[in-house]
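Here is the structure we will look at, set down as structure tokens.
The values are calculated or read from the model by the stated rules, or taken from the named source; none is laboratory data. Since this is a predicted model, take the numbers as computed values, not measurements. Here the Cβ is made from the backbone with ideal geometry for all residues, glycine too, and neighbour counts use every protein chain on show. Areas reflect the complete protein model, heavy atoms only, side chains present, ligands, DNA and RNA absent. Shrake-Rupley method; radii C 1.70, N 1.55, O 1.52, S 1.80 Å.
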Amino acid sequence: MIDQLFNSSEKRLARTLLLLSRYGQKSEPQKVLPKISQEMLAEMIGTTRSRVNFFMNKFRKLGFIQYNGEIHVNNSLLSVVLHE
């Protein structure tokens, strides 16, 4: 709940994608995420599917992810989470 109060849905989505790709763990991060729908991501971060779609397109245009059915996460997505 605190996460939803203090972090934007954009930042929550970026952090969720990084967590799903196991970024920051001892093992090498996965570049390709398992199949997950935008609806599922929306439920995970507490927003609507249309907001997830908007941010996924934004992340894709900025080169943070590649998204063609499968989500490929680039390390540069971390900048969204760290940016204040």
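Kindly indicate the residue of the stretch 38-78 that is small (Gly, Ala, Ser) and more than 15 Å from Ser21 (Cα to Cα) and also nearest to the chain's Cα centre (by Cα) among those meeting that condition.
Looking at residues that are small (Gly, Ala, Ser) and more than 15 Å from Ser21 (Cα to Cα), I get Ala42.
Name every residue in the stretch 30-51 that is open to solvent by less than 50 Å² (accessible area, probe 1.4 Å), in contact (Cβ under 8 Å) with a residue 40 or more places away in the chain and over 16 Å from Ser8 (Cβ atoms), in order of residue number.
If the condition is that a residue be open to solvent by less than 50 Å² (accessible area, probe 1.4 Å), in contact (Cβ under 8 Å) with a residue 40 or more places away in the chain and over 16 Å from Ser8 (Cβ atoms), then Leu33 is the only one that fits.
All but one of (1) in contact with a Phe, Trp or Tyr (Cβ under 6 Å, 6 or more places away or on another chain); (2) of a type in the set (Lys, Arg); (3) at pLDDT below 80 hold for Arg60; which doesn't?
Every condition holds for Arg60 apart from (3).
Criterion first (among the aromatic types (Phe, Trp, Tyr), modelled with pLDDT of 90 or more and open to solvent by 60 Å² or more (accessible area, probe 1.4 Å)) does Phe54 satisfy it?
Taking the combined requirement at face value, the residue satisfies it.
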